[in-house]
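The values are calculated or read from the model by the stated rules, or taken from the named source; none is laboratory data. As the structure is a computational prediction, the values presented were derived from the model and not from experiment. No Cβ is skipped: glycine too gets one built from the backbone with ideal geometry, and neighbour counts run over all protein chains shown.
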Amino acid sequence: MPSAVWQWESARRRALRSARIVLPPPTGLPSPLRQWEEEHLRGWRRWVGELPALARRSARSVLIGVAAFVLGMQVASGRNVVMAGVDLKDRVAAAEQALKASQGELELARLELTRLNAIIDNSAKYRIPADLSAAIYDIALSEGLDPDLAYRLVRVESGFVRTAVSPVGAVGLTQVMPSTAEELSPGIAYHELFERDTNLRLGFRYLRQLLEKYNGDLHLALTAYNRGPGTVDRVTQAGGDPYNGYARAVLGLP
């Protein structure tokens, strides 16, 4: 659609022709208004050509550029500058809100993609069903434990066997002791310790508590998970070495 400036120039020329006034030939210098319009059209075409580069800039910079362009067109078309400015602020605010919403959706999509990749990779790495891999990953995060550490713990404790029972009575995927389970979840029934999600949650919660007890010392927390915190504390207080190689086995260290 012709711009307001071009329409004005055309109307002026028609009026002059009707009054039998000879206009300069088309090959002459353009009128100031024609020159103004051509300069702005060239700027607009250049802006369109630079869209790929603009896309790599910050979203806010792009919004400001678009807002400035729209404001210029509104002013050129004779709209009230103040009203145009108010309208533009509303448009920019709405655009920023939409942008924030889109960024939030993209971040959620990125997190979900990271989650799915980790579940698939660990399912293949440990040769376990995808649903078990997903349970370990999700429950570890919910209990504040690094999922990679959680996979390693379950591998060493039970070999990913849900019904595993040790000679000393440790139960399930994380080989939690019934007495420890009772402390973590008073009133829990013995058969519940064989439930996948329940056992994972209890074992991961217990390890996180040990990490807090030992101020983030992973080797000491893992040793306490295996030997019991009471034993580790007694040996440490007596000046002995509490480590038995368990922590290194979980972490895959030689």
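Summary table
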item	result
Flag if Gly172 is in contact (Cβ under 8 Å) with a residue 24 or more places away in the chain and either buried (at least 19 other Cβ atoms within 10 Å of the Cβ) or over 19 Å from Leu145 (Cα atoms) (or both)	yes
Filter pass, Arg155 being of a type in the set (Lys, Arg) and outside the structural domain of Gln209 (by TED's automatic domain parsing)	no
Condition broken by Arg208, with the remaining ones in (1) in a loop (DSSP other than H, G, I, E, B); (2) under 30 Å from the mean Cα position of the chain (by Cα); (3) touching a residue at least 24 places away in the same chain (Cβ under 8 Å) satisfied	(1)
Among (1) at pLDDT 95 or above; (2) not in a helix (DSSP H, G or I) - the single one Ala150 does not satisfy	(2)
Residue count, the range 211-225 (criterion: part of a helix (DSSP H, G or I) and surrounded by fewer than 19 Cβ atoms within 10 Å (Cβ to Cβ))	4
Some residue of the range 100-122 being over 25 Å from the mean Cα position of the chain (by Cα) and over 18 Å from Gln175 (Cα atoms)	no
Residue check for Val250: in contact with a Lys or Arg (Cβ under 7 Å, 6 or more places away or on another chain), assigned to a helix (DSSP H, G or I) and surrounded by 16 or more Cβ atoms within 10 Å (Cβ to Cβ)	yes
Looking only at the range 128-145, and only at residues there that are surrounded by 15 or more Cβ atoms within 10 Å (Cβ to Cβ) and not hydrophobic (A, V, I, L, M, F, W, C), the one that is farthest from Arg208 (Cα to Cα)	Ser133
Hits in the range 126-151 - residues which are touching a residue at least 24 places away in the same chain (Cβ under 8 Å) and over 25 Å from the mean Cα position of the chain (by Cα)	Tyr126, Ile128
Answer residue from the range 146-169, given it is among the β-branched types (Val, Ile, Thr) and more than 18 Å from Thr198 (Cβ to Cβ) and is surrounded by the fewest Cβ atoms within 10 Å (Cβ to Cβ) among those	Val168
So Glu212, is it within 18 Å of Asp138 (Cβ to Cβ) and acidic (Asp, Glu)	no
One residue from Arg208, Arg152 being of a type in the set (D, E, K, R) and in contact with a helix residue (DSSP H, G or I) (Cβ under 6 Å, 6 or more places away or on another chain)	Arg152
